[in-house]
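See structure below.
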Amino acid sequence: MGVFRLVSVVHVFLIKDGQVLLLRRANTGHHDGEYGLPAGKLEGGEPLHVAAIREVREECGAVIAPADLTLIGTMHLHTSGDERVDFFFKAEQWTGEICNMEPDKCDEICWFPVDALPENIIPFVQEAWNTFRDGVWYAAHGWN
């Protein structure tokens, strides 16, 4: 039996004036039509916070200083054919203009009130937000 390896994804809640930035996925084959966060896979040799900062810059143009990024939770995800450990961050300060930097993968960027996220949000993103708001640092999704 070989060594078991996990893929990890970083996600960032950008929060401003009581609202969170969500990106509606399109043309990816994964949760298309649902809202998610700026997110992406961790690259080898890359610290978590560096990956989170990179993904936000690549997907929506915001530049986050490391001191403005806070790790708020982890989630062990299980789907049909995938198992990951994801890391969730939040940032309330950044520079740069928010815009859709990947229109081939995202057809809409919107701000939503933190207490009224859309119904078509990726379920584990909603769960991560609820877990954070409840003061819980770890969650598991899809293991039932």
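The values are calculated or read from the model by the stated rules, or taken from the named source; none is laboratory data. Not measured: the values here are computed from a predicted model. Here the Cβ is made from the backbone with ideal geometry for all residues, glycine too, and neighbour counts use every protein chain on show. Only protein heavy atoms, including side chains, enter the accessible area calculation; ligands, DNA and RNA are left aside. Shrake-Rupley method; radii C 1.70, N 1.55, O 1.52, S 1.80 Å.
Percent of Cα-Cα pairs more than 27 Å apart in the chain, please.
15
Using only Cα atoms and rounding to the nearest 10 degrees, what angle (0 to 90) does helix 48-60 make with the longest principal axis of the chain?
Once rounded, the angle reads 50 degrees.
Can you list the residues, at least 5 places off or on another chain, whose amide H is less than 5 Å from the amide H of Phe13, using H built in the peptide plane?
It is Phe89, Lys90, Ala91, by chain and number.
Given labels modelled 7 Å from the Cα in the Cβ direction, how far is it in nm from Asp17 to Lys105?
Reported label-point gap for Asp17 and Lys105 is 2.8 nm.
Compute the Rg/Rh shape ratio of the range 26-76: radius of gyration over Kirkwood radius, all on alpha-carbon atoms. Before the final figure, lay out each step's value.
Details: Rg = 12.2 Å, Rh = 12.4 Å.
Computed over Cα atoms, the ratio is 0.98.
Once the convex hull of the C-alpha atoms of the range 82-144 is built, how many Å³ does it hold per residue, rounded to a whole number?
Cα-based convex hull of the range 82-144, divided per residue, equals 147 Å³.
Give me a comma-separated list of calculated 3J(HN,Hα) values for the range 86-102, in order, Karplus coefficients 6.51, -1.76, 1.60 applied at θ = phi - 60°, integers in Hz, x for any Gly or Pro.
Once θ is set to phi - 60°, the couplings for the range 86-102 become 9, 10, 10, 10, 9, 9, 10, 9, 6, 10, x, 8, 6, 7, 7, 8, 10 Hz.
Hey, what's the range 48-144 come to in accessible area per residue, 1.4 Å probe, Å²?
Numbers: 5190 Å² over 97 residues.
Per residue, the range 48-144 has an accessible area of 54 Å².
How large, in percent, is the carbon and sulfur part of the accessible surface of the chain at a probe radius of 1.4 Å?
Result for the chain: 52 percent of the exposed heavy-atom area is carbon or sulfur.
Tell me, in nm to one decimal, what length is gained between Asp115 and Glu46 on full extension, where the rule is 0.36 nm per residue of separation less the Cα-Cα distance? Could the numbers behind the result be given before it?
On the way: separation 69, 0.36 × 69 = 24.84 nm, distance 3.29 nm.
Difference between extended and current length: 21.6 nm.
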